């Protein structure tokens, strides 16, 4: 499902206009981003938990040239499905 499809779905389900649904989705994404930056974890009870994980700097190899390339340290995001989401899918 694309972001546009999700906005359309949200508008139909809630009776909001597509513009309002788009603003709501943007606000939710900003909130999740802010929570991850400030606290490192965002939990949507029953749905999922977003957490950050620091990855150390490492080296990789370009498969085409065989050249070794440095990979800088970074922060990755992991998502763990909650019980309601798992139940809905199974």
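The values are calculated or read from the model by the stated rules, or taken from the named source; none is laboratory data. This is a predicted model, so every value here is computed, not measured. As a convention, Cβ positions derive from the backbone with ideal geometry for all residues, glycine included, and neighbour counts pool all protein chains shown.
Could you check residue 46 against (1) within 27 Å of residue 5 (Cβ to Cβ); (2) modelled with pLDDT of 95 or more and say which number it fails?
Looking at each condition in turn, residue 46 falls short on (2).
Given the chain, what helices (runs of 4 or more DSSP H) lie entirely inside it while holding 1 or more residues that are touching a strand residue (DSSP E or B) at 6+ places or on another chain (Cβ under 9 Å)?
On the way: elements: 3-14, 18-39, 83-89.
In the chain, the matching helices (runs of 4 or more DSSP H) lie at 18-39, 83-89.
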